[in-house]
Amino acid sequence: MSARPTAVVLRPLGLGDLLTGVPAIRAVRAAVPDHRLVLATTTALAPLAGLVDAVDEVLPARELEPLDWSGPPPELAVDLHGKGPASHVVVADLHPQRLLTFASPGYPGPTWYPDEHEVRRWCRLVSEGLGVDADPDALDLAVPAVPPPVTGAALVHPGAAFPGRRWPPERFAAVARWLAGAGHDVRVTGGPAERDLALAVAEDAGLGEEAVLAGRTTTLELAATVAAARVVVSGDTGVAHLASAYRRPSVVLFGPVSPALWGPPPRGQHVVLWHGDGTGDPWGTGLDPALARIPVDEVTGALEDLLARGGHDQVT
């Protein structure tokens, strides 16, 4: 019996990037159902990649560096990383029989549109390039087998990759204080590098150190905690996309980047707050003015309304 043909999909970025790429990855699987689908992503994201039902194998990748590929040339290679030759060459160097990328010098393909939502962009690439339907709402992940450290909690996630996307910690603390006052079990989440921030938020909110999960959960435990959460409050960061992946009620605060580009799907249990014009710097070193314009009472009001109606999955 001959070996199965292989499809390699490149998506080695952050947590939100991986999760917004899931519908496109599923569309690749639908286009080549008999292939072994290899997802090239970062080592840190490998556990979550294993929760995508379309993925057979994870290949460690480092953004624009060459892949450590020792097998024969794949039948198909797909660039879900970027729009130009710098990422295209990473998959082209595998010498696949078929290569799918956005159009750039030396590479034919669909046209890149800068104002397109991240999920729909990659779905369109696969749909146009491989002739298969791609559902932008196919964002769900499997729930990890590991038990979450807490279930039914209100999760407050104050961190983000860059200062421009971080709502002030004292405002997150005020929201956490309001949630605790409303009788919710409030937990503050984050990565190891965000533990001090989470501790400061918890202290300001009058919560004990036991409320801080930041730095105490693995990637899979964090995912499991979000999957079992009562509600999630965060900025435009990976945890917001986990809330979408597990269809948990969430309030997401946007600043420099428009939710039209990175926002959650149009479901009733995800509330987006934004007062921007799309001209901010997502890599900014200071608080984005649009994010600064979101007051605490707007967030608590959104939470009150969302929790009162149960965060039902109603398309708005």
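Values for this structure:
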item	result
Charge-dipole axis of region 6-130 as Lys and Arg at +1 and Asp and Glu at -1 on Cβ define it, positive-most pick from Pro33, Val9, Pro73	Pro33
At 1.306 mPa s and 10 °C, Stokes D of region 19-126 from Kirkwood alpha-carbon radius, µm² per second	112 µm²/s
Net charge contributed by nearby residues that have their C-beta within less than 14 Å of Ala260 (K/R +1, D/E -1)	-3
Charge context of Arg120, other residues only, Cβ under 15 angstrom, K/R +1, D/E -1	-4
For region 217-226, 3J(HN,Hα) per residue [Karplus equation, 6.51 cos²θ - 1.76 cosθ + 1.60, θ = phi - 60°, Hz, x = Gly/Pro]	10, 6, 4, 5, 5, 4, 4, 5, 5, 5
For the chain: rounded, prolate or oblate by the Cα gyration tensor [a/c cutoff 1.5]	prolate
Listed residues Gly235, Trp167, Leu287: farthest to the positive end of the dipole of region 154-308 (Cβ charges)	Gly235
For region 264-270, 3J(HN,Hα) per residue [Karplus equation, 6.51 cos²θ - 1.76 cosθ + 1.60, θ = phi - 60°, Hz, x = Gly/Pro]	x, x, x, 10, x, 8, 10
Counting all C-alpha pairs of region 127-249, share separated by more than 25 Å (%)	24 percent
C-alpha center-to-center spacing [region 164-219, region 220-270] in angstrom	16 Å
Computed magnitude of the charge dipole of the chain (debye, nearest 20; Cβ of K, R +1, Cβ of D, E -1)	300 debye
Highest average packing first - 179-185, 199-205, 155-161, Cβ atoms within 10 Å	155-161, 199-205, 179-185
Region 168-316: C-alpha gyration tensor shape, a/c 1.5 cut-off, then a/b vs b/c	rounded
Net charge of neighbours whose Cβ lies under 12 Å from the Cβ of Val188, counting Lys and Arg as +1 and Asp and Glu as -1	-3
Normalised contact order of the chain, rounded percent, pairs of Cα under 8 Å and 6 or more residues apart	16 percent
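Since every read-out is calculated from the coordinates, none of them should be taken as a lab result. Predicted model only: the values in this text are computed from it and were never measured. Cβ: placed from backbone, ideal geometry, glycine included. Neighbour counts: every protein chain shown.
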